[in-house]
Amino acid sequence: MMKGQTSMIAIVIGVVLVIFLMLFILITTLPSGSSTARAEYRQLFATNMLLSVLNTETDCGSFSDMIKASYFGGGKCAGTEFGERIVKYMPDLLYLSGHTDYAWQIVATPKNFVDHEESWGDDTVTETRGYWTALTHRTWGGSILEVKIYMRTK
């Protein structure tokens, strides 16, 4: 008599587990379709991309050091080294992240000194609405350099 009840309990537990497994698979595979979640993801991606790029170490120091050297001088390499290297580095980084469909542009704007703004990458990224951006500041002796990245899908 106990043998039959144990078998029924095992079958019920198995059915419940299969139902929960099917619900989990259904919920995780359906696209959320939330434009808010997608926008937040892209904003976070742009912020992480900018900070990761600027903190990447090279034989000329970090990219942050190179961009500061292009405005303030000094550094291990020539002042134009940032622009020459970033256009080679970013496509590889986007490839490694799985987002080869993203176009990018990095813009450096001095805030309280020379009026010489520089940009690298695809200039068409900001032509129409729909791009996302991240911003950080680099300082040198009281001077502020605003560095932005603009990104969009191609």
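Quick rundown of the values:
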item	result
Selected from ILE13, ILE67, ILE25 as most flexible by GNM, with the chain as the system and alpha-carbon contacts under 10 Å	ILE13
The chain - mean residue ellipticity at 222 nm from DSSP helices (-39,500 (n - 2.57) per run, n ≥ 4, rounded to 500)	-17000 deg cm²/dmol
Residue among LEU44, ALA69, PHE113 farthest towards the positive dipole end of the chain, charges placed on Cβ	LEU44
Between helix 35-55 and the chain: long-axis angle, C-alpha atoms, 0 to 90°, nearest 10	50 degrees
For region 130-154 versus region 1-79, the gap between their alpha-carbon centres in whole angstrom	23 Å
Contact order relative to length of the chain, as percent, for alpha carbon pairs under 8 angstrom and 6 or more apart	20 percent
P(r) of region 35-153 over all Cα-Cα pairs, binned every 5 Å from zero, in whole percent	2, 11, 22, 24, 20, 12, 6, 2, 0
Rounded to 5, the percent of DSSP beta bridges in the chain classed as antiparallel	95 percent
Helix axis angle, 2-29 relative to the chain longest principal axis, alpha carbon, degrees	30 degrees
Most to least packed among 52-58, 137-143 [average Cβ atoms within 10 Å]	52-58, 137-143
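Each reported figure results from applying straightforward, stated rules to the coordinates on display, with no laboratory input. The model shown is predicted, which means the values in this text are computed figures rather than measured ones. Counting neighbours? That spans all protein chains shown, and the Cβs are built from the backbone with ideal geometry, glycine included.
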